[in-house]
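First up is the structure itself, then whatever we jot down about it.
Any read-out appearing in this document is the output of simple, stated calculations on the displayed coordinates, not a laboratory observation. Values in this document were obtained by computation on a predicted structure and should not be read as measured data. Here the Cβ is made from the backbone with ideal geometry for all residues, glycine too, and neighbour counts use every protein chain on show.
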Amino acid sequence: MVNIPAESQVIRLVHDLNLQLGSILVDDDFIEAFGPFVVSQFQCERLALLANLQNDTSSLEHASSWPKTTDPDQLHAQRSLFLDLNELEAHTLTQPLIAGKLIRTMSKHLADTPLSAIARLLPEADLTFVPLLGGADTVLVGLLVLEKSNDVDDERLPLDDTLLSILGTTCGAFLAHTLEHTHTVDQFSTNMHEMNILQQIDAELNDTIALDKVFEMLLDWALRFTNASAASMAMYDVDTDTLTMMLQYGYQQPDLKAGEIVPHQRGGITLRVARSGHAELIGNVQDDPDYVPLSEEMHTQLSTPIFREERVIAVMTLQSTKPNGFRDNHVNFVDKLTRRAGVAVDNARLFEQTNRERQKLSLILGGIADSVIVVDHDGHILLVNQSAVNAFNLRSESVLIGKKFTETIHHEGLIQLYKSAINRDEQVIRELELPNERTYHAAISDHSSIGIIIVMHDVTHYKETDQLKNELVATVSHDLKQPLSVMRGYLDLLQMTNEFNERSQRYVSQLFNAFHHMKQLIDDILDLARIEAGIELSLDGVDLNKVLAQSVVAIRPSADNKIINLTTDLPQLPTIRADEGRIRQIFTNLISNAVKYTPSGGWVKVSAEIKPGHVKIVVQDNGLGISPEDQAHIFDRFYRVRRPETDDIEGTGLGLAIVRSLVEAHHGEISLISRLGEGSSFRVTLPIT
């Protein structure tokens, strides 16, 4: 008769179970915690845990053993431990486990049973098998194997039926919940990964209409997602019932080369799929009479047809060295992949239609006031509108198509800008004066799927208006300096001849602050006017590393006051021909702005990289960031970002306008990348020669 344990033992066990295992949601963490917990609670020497780790209700595999072993043979035996639940149910000795009942036996009695592998793992042992039940249908989600302790003075809980039943039921529920959570998270992660891959595949397939490139992409993605050992792609002609080998990966000695016809006797499963139009997953190819062995190591084959207008045009075949090497999600992914392949093939058929659409596009471009030129990656003109023809005094646009851009457009500034855009991965912008004596805002960008796109907007009217405004502002600013100097003199006299109380002294201090702000504003306006009027730069060899170091040293006290980590990551930069004082002014201004607009505790980083013909210096921070609306005007005169966070930050709104003018005076470029709340990155590109 079974002894009923004391009520306190049951309460203690349930409490400890809930405390130790009830809140664990990751299966690895649960399994790591389970063994030590059971050994600490029950009178057992060793244990093994088998669980449904693969979400397969028909089998259990080894999950953990305690105590841990480092013996290679033991580890190999543990990793290969696997139980088929159908075999357990069919055997008289093990059948009670399926029904949730305990089994007690010596390991030597398990030699000819489905538990023989466990007997070899725990030989000469008094074993107790505890089924772990979980789920709504109380299915077997795990099996706990305990070796009874021989220590008569052991104070742990005895291997009592009732206590072990509580252990099996409670831990089974915990294990089922943990495994279900893990499987759900894994499935969600797999689905997200698959969706991202398919989006990337769509983008890549849309960039090409070459059939061989399409097939290379498809096999590459299929191999990566399914972890297949080998793959091939064959075209199928339904009229002649023939396969043509296109690509093969993973075979040491492919028996067919690309472009060769596959003999019918060697078509095998692939030819069968091409004829039927239905995908086939063969778990063990050795059992299939049509299988043609290309490698003795292959066990699993997945062949999927590719359709075009309901006709099979190709077959993708994947093989794995593992038995049942492909799961349902692999089959679903490959099916989605091959459906996209059919669309990509159809794109070739639509190529002529695209050419007709291109002609329509040319007509549309002809009516645009902006000058537009499109150059392919070989340097030939693809498109040019009438505005561009007029701007460069060229012949008719139809004569220019197919000509070399650099041999057709004779404008040194635009040619340099064009070559600069080819060497970079970002848009290049500059103002140019063309032969028609008008000024254009030119933007050149390299698009991998099209070529080099040049768009030029006539800004002559704006430049003339801007020049008039600059002259007016410069004149007024110059005239303001004299009364401002008089005001400063009388302020000094007031302080020298009068004694002020605390309040009056505060007012005078505010007047001095206003004076300094006004003086800085006037100095900046005059400086900007001189720069834009065409200052004469004092050009000489400039050591960029030295200049950047000096700028960082000048701003470091301000950074330290705000506890901002100001760092540099600079290679040995080349010497450039420039005005050293003005170059220092550029980077001192940019670094100072980065520190100003970065909250305390943030960071500012100055880095650089050398590219052919130019050097790029980046001043980056993790500060407030700039909205897209403000970015459009950030280099305009007197423009300041108006947000509550910036109200207390002093500035004239001219610093970045001066920086841009100085950069352009050195034939360089400045750009900005920023996001609100994530910081900003100002990039200055300067020519090396």
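Can you tell me the 0 to 90 degree angle between the C-alpha axis of helix 7-21 and the longest principal axis of the chain, rounded to 10?
Computed tilt is about 40 degrees.
Which of rounded, prolate or oblate describes region 37-142 when judged by the alpha-carbon gyration tensor and an a/c cut-off of 1.5?
Cα axes put region 37-142 in the rounded bin.
Relative to the longest principal axis of the chain, what angle (0 to 90°, nearest 10) does the C-alpha long axis of helix 655-665 take?
80 degrees
At a 10 Å Cβ-Cβ cut-off, how would you order MET192, MET298, MET487, MET316, fewest neighbours first? Working shown, then result.
Numbers: MET192 10, MET298 21, MET487 14, MET316 25.
Placing the least packed residue first, the sequence is MET192, MET487, MET298, MET316.
Classify the chain as rounded, prolate or oblate from the Cα gyration tensor: take a ≥ b ≥ c as the square roots of its eigenvalues, call it rounded if a/c is under 1.5, otherwise prolate when a/b beats b/c and oblate if not.
Details: a/c = 3.72, a/b = 1.58, b/c = 2.35.
Oblate, because a/c is 1.5 or more while a/b does not exceed b/c.
Over 22 Å between Cα atoms, which of LYS68/LYS322; LYS404/LYS463; LYS519/LYS596 qualify? Present the calculation step by step, with values, prior to reporting the outcome.
Values: LYS68/LYS322 28 Å; LYS404/LYS463 32 Å; LYS519/LYS596 20 Å.
Listed pairs above 22 Å: LYS68/LYS322; LYS404/LYS463.
To make sure I understand, if each residue's beta carbon is the centre and we count other beta carbons within 10 Å, what order do ILE306, ILE658 fall in, fewest to most? Intermediate values should be presented prior to the final figure.
Working: ILE306 26, ILE658 22.
With the sparsest Cβ surroundings first, the list reads ILE658, ILE306.
Any idea what the relative contact order of the chain is, in percent, if you count C-alpha pairs under 8 Å spaced at least 6 apart?
On the way: 1107 pairs, mean separation 42.6, N = 689.
It comes to 6 percent, rounded to a whole number.
Please work out whether region 93-220 counts as rounded, prolate or oblate from its C-alpha gyration tensor, where a ≥ b ≥ c are the square roots of the eigenvalues and a/c under 1.5 means rounded, while otherwise a/b larger than b/c means prolate and anything else oblate?
Working: a/c = 3.88, a/b = 2.67, b/c = 1.45.
Prolate, since a/c reaches 1.5 and a/b exceeds b/c.
With angles folded into 0 to 90 degrees, how steeply does helix 211-226 sit against the dominant principal axis of the chain? Use alpha carbons for both and round to 10.
Computed tilt is about 50 degrees.
For the chain, what is the mean residue ellipticity at 222 nm derived from helices alone (per DSSP H run of n ≥ 4: -39500 (n - 2.57); sum divided by total residues; nearest 500 deg cm²/dmol)? All intermediate terms of the calculation are to be shown ahead of the outcome.
On the way: 21 runs with 306 residues, N = 689.
After summing the helix terms and dividing by residue count, I get -14500 deg cm²/dmol.
Give me the net charge of ILE261's neighbourhood, meaning all other residues with Cβ under 12 Å from the Cβ of ILE261; Lys, Arg count +1, Asp, Glu -1.
Numbers: positive: LYS257, ARG266; negative: ASP237, ASP241, GLU260.
Cβ neighbours under 12 Å give a net charge of -1.
Test of understanding: express the Cα radius of gyration of region 540-687 as a ratio to 2.2 N^0.38 Å, with N the residue count. Intermediate results must be reported in sequence, preceding the final value.
Details: Rg = 14.6 Å, N = 148, 2.2 N^0.38 = 14.7 Å.
Scaled against compact globular proteins, the figure is 0.99.
Quick check on the exposure proxy: order TYR418, TYR249 from fewest to most C-beta atoms within 10 angstrom.
TYR249, TYR418
Do you know the relative contact order of region 540-687, to the nearest whole percent, from alpha carbon pairs under 8 angstrom that are 6+ apart? Provide the component values of the computation, followed by the final result.
Working: 268 pairs, mean separation 35.4, N = 148.
Contact order relative to length: 24 percent.
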